[in-house]
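Everything below concerns the one structure shown next.
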């Protein structure tokens, strides 16, 4: 029996690779002679880099500015002339203690420095996973790192962070890194929110970054000013579906580069070779930390299941918790699904010993399928 194991991360407890290892233990406990392939996946947010590294890309490190300017070491990946970067590694929420102040001041500058590092390494294609960001600066910081000048009415540089964009009155692109013209930038977006407005970057995602209602309004007004300035400078309307991801990070790149927004799962599936790995499999296992209604919006596990079902391959799904009805899962080709909460005595125990319970849940799913 050939088994493909392709989970996303169990956020807060297991990386996707660790989850795949635990699932493999469960598979081999039930089918000792199984030919098991582990292929961690992601949907374009956090975990994108890990999936690329697991698929054979080579780890790189660079010193960059964190969201609030402190120098940090950020990891990225290179496979030939393709670089895979995560904004979370340089500009991530995990790097700050969220507050109103950090929500207003956090910058994507370090993510631009990662792009420079990729260009210096000879990258001709850059894949950007943009989940888990601390900033709401519309990509302004990243483009600043790449040479764009963002100026206030008096000609002085605007301060870093989303709030500073309220002062932006002009941009000067004469110093923008010319290598950007010859590189393909593919941005993996796992949301469809626009840049501004009630469904935009600040109003929808600002709260999780520490912004209160007043700060969210301020950031939305600043991003509205930024969108207007970008359109005046380039003629590009950047307030489009998906541009609100990662604090509006795509906006500046849509205006000044040939960047494209792509569905995150499809992009990552292509990078890791999921289709080829699935060919000839007799069974596919997938999963993530929480399987809920949001999982139906392009999240990795159900997209893996959809791919497998289209190829006529049965799917088993393991998750920390599952709130979707079995009839909904069946629509994606899932034949068996087990939650860690079905086995663990408490959510705390499930989180603390997630690898153990993932292996147990895999055994239970296979034995009951």
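Values quoted throughout were computed directly from the atomic coordinates according to the rules given, and no laboratory measurement underlies them. Please read these numbers as outputs of a predicted model, since none were measured by experiment. All Cβ positions, even for glycine, are placed from backbone atoms using ideal geometry, and neighbour counts span all protein chains on display.
Summary of computed values
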quantity	calculated
Beta bridges per DSSP with both ends in the chain, % antiparallel, nearest 5	35 percent
Label corresponding to P(r) over Cα pairs in 10 Å bins from 0, in percent when calculated from the structure given, among (1) 5, 26, 37, 26, 6, 0; (2) 6, 25, 30, 22, 12, 4, 0, 0; (3) 5, 22, 29, 21, 13, 7, 3, 1, 0	(2)
Residue order, fewest to most beta carbons within 10 Å, for 199, 8, 239	199, 239, 8
Computed FRET value (nearest 0.05) for residue 234 with residue 296, which takes r as the C-beta separation and R₀ as 56 Å	0.95
Inter-label distance for residue 170 and residue 260, nm, one decimal - labels placed 7 Å from Cα along Cα-to-Cβ	3.6 nm
Normalised contact order of the stretch 130-186, rounded percent, pairs of Cα under 8 Å and 6 or more residues apart	34 percent
For the stretch 113-173 and the stretch 40-84, distance of Cα centres in Å	18 Å
Nitroxide proxy distance, nm - points 7 Å out along Cα→Cβ at residue 149 and residue 1	6.6 nm
Radius of gyration and maximum dimension Dmax of the stretch 48-265, Cα, Å	15.6, 50
Cα→Cβ-extended label distance, 7 Å offset, between residue 325 and residue 75, nm	4.1 nm
Beta bridges by DSSP in the stretch 39-167, antiparallel share as percent, to the nearest 5	70 percent
222 nm mean residue ellipticity, helices alone, for the chain (DSSP H n ≥ 4; -39,500 (n - 2.57); rounded to 500)	-10500 deg cm²/dmol
Förster radius 45 Å - calculated FRET efficiency between residue 31 and residue 208 (Cβ-Cβ, nearest 0.05)	0.65
